[in-house]
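Down below is the structure, laid out as structure tokens.
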Amino acid sequence: MEFTIGRNIAAKGHKVIVAAKNTDVLKVLGKADEVLSSAIKKQTADDKILEYNIGEYSVFVVITQLKNAVEWQKFGGSLWHKIKKFRAIKIALLDAEPENLYDFALGVEMASYRFDKYFTKKPASFYPKLEKIMFTNSGLKNFDGYKPTAGLANAVRYARDLINEPANEMTPEIMAADIKRLEYLGLEVEILEEEKMKELGFNLALAVAQGSNNRPRIAVIKWRGNPKEEDFKVGLVGKGVTFDSGGISIKPAANMGDMKQDMAGAAAMAATMKSLALQKVEKNVVAVVGLVENMPSGTAYRPGDVVKSMSGQTVEVVNTDAEGRLVLADCLTYIQRTYKPKIVIDMATLTGAIIVALGHTFAGLFTNNVKIATMLGMAGEQCGERTWYMPMDKEFDKMMDSPIADMKNAGGREAGSATAACFLRRFIEKGISWIHLDIAGMDLSDGNNVLYPKGASGFGIRLLNGFIRKL
């Protein structure tokens, strides 16, 4: 992307965006005045993009009254589908602040993502032609202000790449190695292999992994953006089940292939750490992600098994498909006892029940600190990654009691998301502010949202990045 300095375009109080093919935008405006006036009179909706052909020029006219960052991002995503057929585009923005332009460009970057690594015979026409976007805006002097937003876009695309990979190409070992590469950005990355996990007591995570030939890993990622402080204020924990068959409690065959994306929570946490490094955010943050594969075999853990967690509490396994919470439980204990962050946030594609409750509009938010959760919720509203506060009543917690152990790992179908959150809360230590995000309805996109092409959405990175930066 490059920027050029030009002039604003007046249009009766409306915001007008004009995109022109391979020419000087000011010359196009001179030829298009009559057409623009006509379009402005006829067009009243703020979500339409009109295309006009004037001689050798293609001109796009959009009348907008955009109120916030999310609307600018969605506008960028919408316009992308119009301009991708051109090789170079110039865009003039009326009365737009630099921040508006950055959000517009973020929308273009999010909408233009595609995962085409495994295609071998797609024609050239399948691929967008757009190589360069030039912005004309009198209030913008250089590109430097966009760098933090560009870093955020990069991180979202990174998460999508991880999540979209097939399970045979994204095993725990491969994903751990990919995360390890992030050290080039200044992140500290430690990979705990199986023997070290046994030594440290990751017994619940190891139980989930014991049925698979692909051995587990724990990735610990540290960003020390404030070297004057030693402590980590925020700790992030992600569920990284690189494929979830359900284990002995095997899932139905229909759509089981989507379970390659049961590591979306871990991908989002790794990508969030990447975003902090790319933006050089002056905060100390640590992330722990548990990477396992849940498979049925002669060595798999069974319904009825009792396993002692790292925390010392015992868990009766009543359903091997309730595996993500087991991985998270040990990771939560490890991050609290080793790094002692004041705020811990975990993210997971944890329950189908949250989709029943909230559909694909909100992530479920469970917390023991309403003040911190409100801040996170506000960050979600500002970036368009929305959350909904969910209850953890004592009656739900009681449903997790086991007759033979400290707790069981599933409480039945009713209130499934809440009982899962209550299970995790039992591993939160005194004085820790904790948020659990169930993103099971948000990790995949059907392609109907302009910012989320079909496939992995990359949900959660913008949410956590915005929250951490404003702490």
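We did not get these values from a lab; they are worked out from the coordinates using the rules stated. For clarity, every value in this text was computed on a predicted model and none was experimentally measured. Methodologically, a virtual Cβ is constructed for each residue, glycine included, from the backbone with ideal geometry; neighbour enumeration extends over all protein chains shown.
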Practice problem: Would you mind checking which residues have amide H under 5 Å from R386's amide H? H placed 1.01 Å from N; only 5 or more apart, or other chain. | Solution: A363
Practice problem: Net charge near L326: determine it from the other residues with C-beta under 15 Å of the C-beta of L326, scoring Lys and Arg +1 and Asp and Glu -1. | Solution: -3
Exercise. Round to a whole angstrom and tell me the spacing of the C-alpha centers of the stretch 448-464 and the stretch 356-432.
Key: 22
Quiz item: Cα gyration tensor of the stretch 151-470, axes a ≥ b ≥ c as square roots of the eigenvalues: rounded (a/c below 1.5), prolate (a/b > b/c) or oblate?
Solution: rounded
Practice problem: Arrange the following residues from fewest to most other Cβ atoms within 10 Å of their Cβ: S309, S457. | Solution: S309, S457
Quiz item: Which links in K260/K454; K260/K398; K239/K340; K342/K394 stretch past 26 Å when you go from one Cα to the other?
Solution: K260/K398
Practice problem: Could you pull out the GluC sites (Glu not before Pro) across the stretch 156-235 that fall in loop regions by DSSP (anything but H, G, I, E, B) with no more than 16 other Cβ atoms inside 10 Å? | Solution: E193, E229, E230
Exercise. Could you tally the net charge around A379, taking each other residue with its Cβ under 13 Å from the Cβ of A379, Lys/Arg +1 and Asp/Glu -1?
Key: +2
Quiz item: Under the Karplus relation 6.51 cos²θ - 1.76 cosθ + 1.60, θ = phi - 60°, what is the ordered set of whole-Hz ³J(HN,Hα) values for the stretch 347-363, x standing for Gly and Pro?
Solution: 9, 7, 7, 8, 9, x, 4, 5, 5, 4, 6, 10, x, 10, 9, 10, 8
Quiz prompt | Fewest-first ranking of K340, K121, using other Cβ atoms within 10 Å as the exposure measure | solution = K121, K340
Practice problem: Could you size up the charge dipole of the stretch 360-445 around its Cα centre, putting +1 on the beta carbon of Lys and Arg and -1 on that of Asp and Glu, and report it in debye to the nearest 20? | Solution: 160
Quiz prompt | Surrounding net charge for I439, when Lys and Arg each add one and Asp and Glu each subtract one, Cβ distance under 10 Å | solution = -2
Quiz item: For the residues R325, R469, what sequence is obtained by ranking on other C-beta atoms within 10 Å, fewest first?
Solution: R469, R325
Quiz prompt | Peptides ranked, highest mean first, by Cβ atoms within 10 Å: ranges 392-401, 213-222 | solution = 213-222, 392-401
